[in-house]
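Structure first, then comments.
The values are calculated or read from the model by the stated rules, or taken from the named source; none is laboratory data. Keep in mind that what you see is a predicted model, and the values were worked out from it rather than measured. All Cβ positions, even for glycine, are placed from backbone atoms using ideal geometry, and neighbour counts span all protein chains on display. These accessible areas exclude ligands, DNA and RNA; they are computed on the full protein's heavy atoms, side chains included. Shrake-Rupley method; radii C 1.70, N 1.55, O 1.52, S 1.80 Å.
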Amino acid sequence: MTWLSIHDPDDAARATLILAHGAGGNRDQAMLTALGAELAQRGVRTVRIDLPFRRNRPKGPPSPAGQPADRAAFAETARILEIDGPVLWGGHSYGGRMASMAVAEGPDRPDGLVLLSYPLHPPGRPEKARTAHLPDIAIPTVLVHGRRDPFASPEELADAAALIAGPTTIVEVAAAHDLAPAKSGAPAKAADAVIALLDA
């Protein structure tokens with residue numbers, strides 16, 4: 001399948017993370033690749049996927065009409081790969097938002113969520129908060145966020161995380177929306193938080 005890439009640990013995986021990209025990228029985004037490598041070293045398999053909108057065209061943003069298919073991609077990937085054991089869903093920005101909305105809608109629900117740079121609102125538009133579905137998330141959730149992210153200040157993100165019904169962990173790094181994986185330490189810190197989620 002040309003729309004996914006897999007990071008397998010050396011031994012049997014203790015869990016699988018299905019991870020999607022942001023609106024302007026694809027499964028090869030630097031943060032996704034780095035996180036997959038970090039988690040493989042810790043015994044977690046990562047499946048990086050291109051969302052359906054990106055499979056349909058190599059460039060350009062997603063459209064509202066395509067969001068249902070993008071949300072369904074997480075459960076469909078788990079079924080196609082016949083994943084056994086604990087499974088987590090997540091993604092960067094738009095990908096994480098689609099994962100979180102899929103969890104809130106059900107009926108398929110993973111064992112945890114990993115939200116990288118959750119796009120709480122468009123830059124400069126805090127009144128357009130994307131929080132309506134958050135109270136319907138009742139599973140453990142890790143949020144990895146840059147302190148300089150224009151899509152949410154640390155304070156705004158903390159307020160949004162408090163709306164999630166399940167337990168939440170916020171990992172802050174010195175970065176903007178891309179999380180600067182080569183400089184901020186975000187991949188290792190995110191991987192540590194995922195392992196803590198699995199150990200809880």
Which value, in debye to the nearest 20, gives the size of the charge dipole of the chain about its Cα centre, when Lys and Arg are +1 and Asp and Glu are -1 at the Cβ?
640
With a 1.4 Å probe and all protein chains in place, put Ser117, Ser5, Ser63 in order of accessible area, largest first.
Ser63, Ser5, Ser117
Return an integer: the convex hull volume of the alpha-carbon atoms of the chain, in Å³ per residue.
110
Report the residue, chosen from His92, His21, His133, that carries the largest GNM mean-square fluctuation when the chain is represented by alpha-carbon nodes joined by springs under 10 Å.
His133
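If the viscosity is 1.306 mPa s and the temperature 10 °C, what Stokes-Einstein diffusion coefficient in µm²/s follows for segment 44-89 when Rh is the Kirkwood radius over Cα pairs?
Details: Rh = 11.8 Å.
Translational D for this selection: 135 µm²/s.
How large, in Å, is segment 115-157 by the Kirkwood hydrodynamic radius built from its alpha-carbon pairs?
On the way: mean 1/r = 0.0912 Å⁻¹.
About 11.0 Å, per the Kirkwood formula over Cα pairs.
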Rg in Å to one decimal, and Dmax rounded to a whole Å, for segment 90-200 via C-alpha atoms:
12.9, 38
The rounded separation in angstrom of the Cα centers of segment 79-144 and segment 154-193 is 13
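Over segment 15-129, what number does the Rg to Rh ratio reach, with both radii from the alpha-carbon atoms and Rh per Kirkwood? Numbers along the way, then the final one.
Numbers: Rg = 13.6 Å, Rh = 14.2 Å.
My calculation puts Rg/Rh at 0.96.
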Take every Cα-Cα distance within segment 13-61, group them into 5 Å bins from 0 onward, and report for each bin the whole-number percent of pairs it holds.
5, 24, 28, 19, 12, 9, 4, 0
